[in-house]
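Structure first, commentary second.
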């Protein structure tokens, strides 16, 4: 796997207790703060891979813009090339960068990058969030499967941490 053109830093996180995951914004303005408030259980990784001896569950977060999706490509390439250890990549959340239907070029790019991660969740444009209203007060229906899936995925299937999924 070739080295990505852009790399996210790697940091040692504080221990995570309970069924939690890290929201990793792959670029500034990805929507991590909003997701952290809308879908309880995750913590902001502050744009750095949370690497440790015990695999850390991580969800990449990006806007649906060309720059956001290209940042996903770099992050997924960094993960797949094993430049990051101690990470269990759960998937990618793409937050709409504008109301309405995505242009074809962005739909195609999203289809391409979604093949580089285990799962894809999409969060639509929420005008109330843009206006500063609390995310939990206006949850789109697309957040329900995201919350349900993450609660299930972040819990280890067995008490043995070495049994958790690792990058291929």
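Across the range 61-90, the qualifying residues are those that are free of Cβ contacts under 8 Å to residues at least 60 places away in the same chain and assigned to a strand (DSSP E or B), and the one among them that is nearest to residue 36 (Cα to Cα) is 61. Does any residue of the range 57-67 turn out to be modelled with pLDDT under 95 and on the phi > 0 side of the Ramachandran plot? There is no residue in the range 57-67 that is modelled with pLDDT under 95 and on the phi > 0 side of the Ramachandran plot. For the range 30-47, does any single residue satisfy the condition of being modelled with pLDDT of 95 or more, crowded, with 18+ Cβ neighbours inside 10 Å and assigned to a strand (DSSP E or B)? No, because not a single residue in the range 30-47 is modelled with pLDDT of 95 or more, crowded, with 18+ Cβ neighbours inside 10 Å and assigned to a strand (DSSP E or B). Take the conditions (1) surrounded by fewer than 18 Cβ atoms within 10 Å (Cβ to Cβ); (2) modelled with pLDDT of 95 or more; (3) not in a loop (DSSP other than H, G, I, E, B); residue 148 misses just one of them, which is (2). The residues of the range 102-116 that are assigned to a loop (DSSP other than H, G, I, E, B) and over 21 Å from residue 35 (Cα atoms), listed by number, are 103, 115, 116. Filtering the range 122-136 for residues that are assigned to a helix (DSSP H, G or I) and at pLDDT below 90 leaves a non-empty set.
The values are calculated or read from the model by the stated rules, or taken from the named source; none is laboratory data. Just so it is clear, the structure is predicted and the values come from calculations on it, not from any experiment. When we count neighbours, we look across all protein chains shown, and the Cβ atoms used for this are built from the backbone with ideal geometry, even at glycine.
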